[in-house]
Amino acid sequence: MKKLFTLAMVALMAALPMMAQRHDYGSTPSNRYDYERSHSRWIRNYYGKDMYFGVRIGPAFSHVSGDGIDYAGSSKTGLHLGGVVGFQITNRAPVFFESGLSYVNKGGKSNNWTTSLSYIELPLTFKYIHYTDMGLSIHPLFGGYLAVGVDGNIKDYITKTKAGAFAKETKLGVPGFKRFDGGLRIGCGVGFSMFYLDMTYDIGLANISHDDYNSSSNRTLYLNFGVNF
């Protein structure tokens, strides 16, 4: 019995190095050696052949920054809903390009006005996906977005009237908004298994106002929840 126990221990000790070198690509790499050795392969397995798809939903906190109508005021809360697709752009690093389509409510509030602007948005972002030993992945991102306005209105709380927002001159007698929007996007996400959470901020660079003497742009903070598959 003692000899069998000794042989079993020797066999176990011999097997441990081989077991340590095996890597379960559905979980976080167990050490730095495995991480560097199999990172690209792990990413391909985790997301599916260098690509992933995802859905996103969450609130969008926005305001219109500019000198037009009385835009100074508080932010407006809207809905953000969309789908994304990402693919790895190099095998040397876990860098991904992500795009997709989303629907988002933007606008802003002031004492006298509420502006509601709805867009179909195209994100164009780059992500560096860093995997930790705790099973979490960190996704810093940077890029831009393009958008086109599909619906919108301006409410005047003094006169109790409302008018369409995407017009050169609205029925309220004030300049409206251009449909095209675009700008920069920066943020960071966290993934765990197939679940995903991020916070991003859009800095509008396009002048969305039809006012010949003043300019306006969107500013939006997103809190997104979703899944990747």
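The values are calculated or read from the model by the stated rules, or taken from the named source; none is laboratory data. Predicted, not measured: the structure shown is a model, and the values here were computed from it. Note that we place each Cβ from the backbone using ideal geometry, even for glycine, and neighbour counts take in every protein chain shown.
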* Asked: Looking only at residues in region 126-138 that are touching a Pro at 6+ places or on another chain (Cβ under 9 Å) and in contact (Cβ under 8 Å) with a residue 60 or more places away in the chain, which one is surrounded by the fewest Cβ atoms within 10 Å (Cβ to Cβ)?
  -> Asp133
* Asked: Taking region 139-154 only, how many residues are among the hydrophobic types (A, V, I, L, M, F, W, C) and either in contact with a helix residue (DSSP H, G or I) (Cβ under 7 Å, 6 or more places away or on another chain) or crowded, with 19+ Cβ neighbours inside 10 Å (or both)?
  -> 3
* Residue ID - farthest from Asp212 (Cα to Cα), chosen from residues in region 173-201 that are small (Gly, Ala, Ser) and surrounded by 14 or more Cβ atoms within 10 Å (Cβ to Cβ) -> Gly191
* Counted residues, region 202-212 - those being farther than 16 Å from Ala167 by Cα and either in a strand (DSSP E or B) or of a type in the set (Ser, Thr, Tyr) (or both) -> 3
* For region 156-164, state whether one or more residues are buried (at least 19 other Cβ atoms within 10 Å of the Cβ) and not acidic (Asp, Glu). => no
* To do: Considering each residue of region 167-220, count those that are hydrophobic (A, V, I, L, M, F, W, C) and more than 23 Å from Leu124 (Cβ to Cβ), and give that number.
  => 6
* Within region 71-80, identify whether any single residue is over 30 Å from Asp156 (Cβ atoms) and either surrounded by fewer than 16 Cβ atoms within 10 Å (Cβ to Cβ) or at pLDDT below 50 (or both), and answer yes or no. => no
* To do: Only one of these is of a type outside the set (A, V, I, L, M, F, W, C) and within 19 Å of Ala167 (Cα to Cα): Lys106, Lys127. Name it.
  => Lys106
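Rundown of residues vs (1) touching a residue at least 40 places away in the same chain (Cβ under 8 Å); (2) within 17 Å of Gly143 (Cβ to Cβ), yes/no style:
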site: Asp181; (1), (2): yes, yes
site: Arg185; (1), (2): yes, yes
site: Phe192; (1), (2): yes, no
site: Leu197; (1), (2): no, no
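Listed here are the residues, each with its yes/no results for (1) within 30 Å of Phe53 (Cβ to Cβ); (2) in contact with a Leu (Cβ under 6 Å, 6 or more places away or on another chain).
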| site | (1), (2) |
| --- | --- |
| Gly173 | no, no |
| Phe180 | yes, no |
| Gly187 | yes, yes |
| Asp198 | yes, no |
| Ser216 | no, no |
| Leu223 | yes, no |
| Val227 | yes, no |
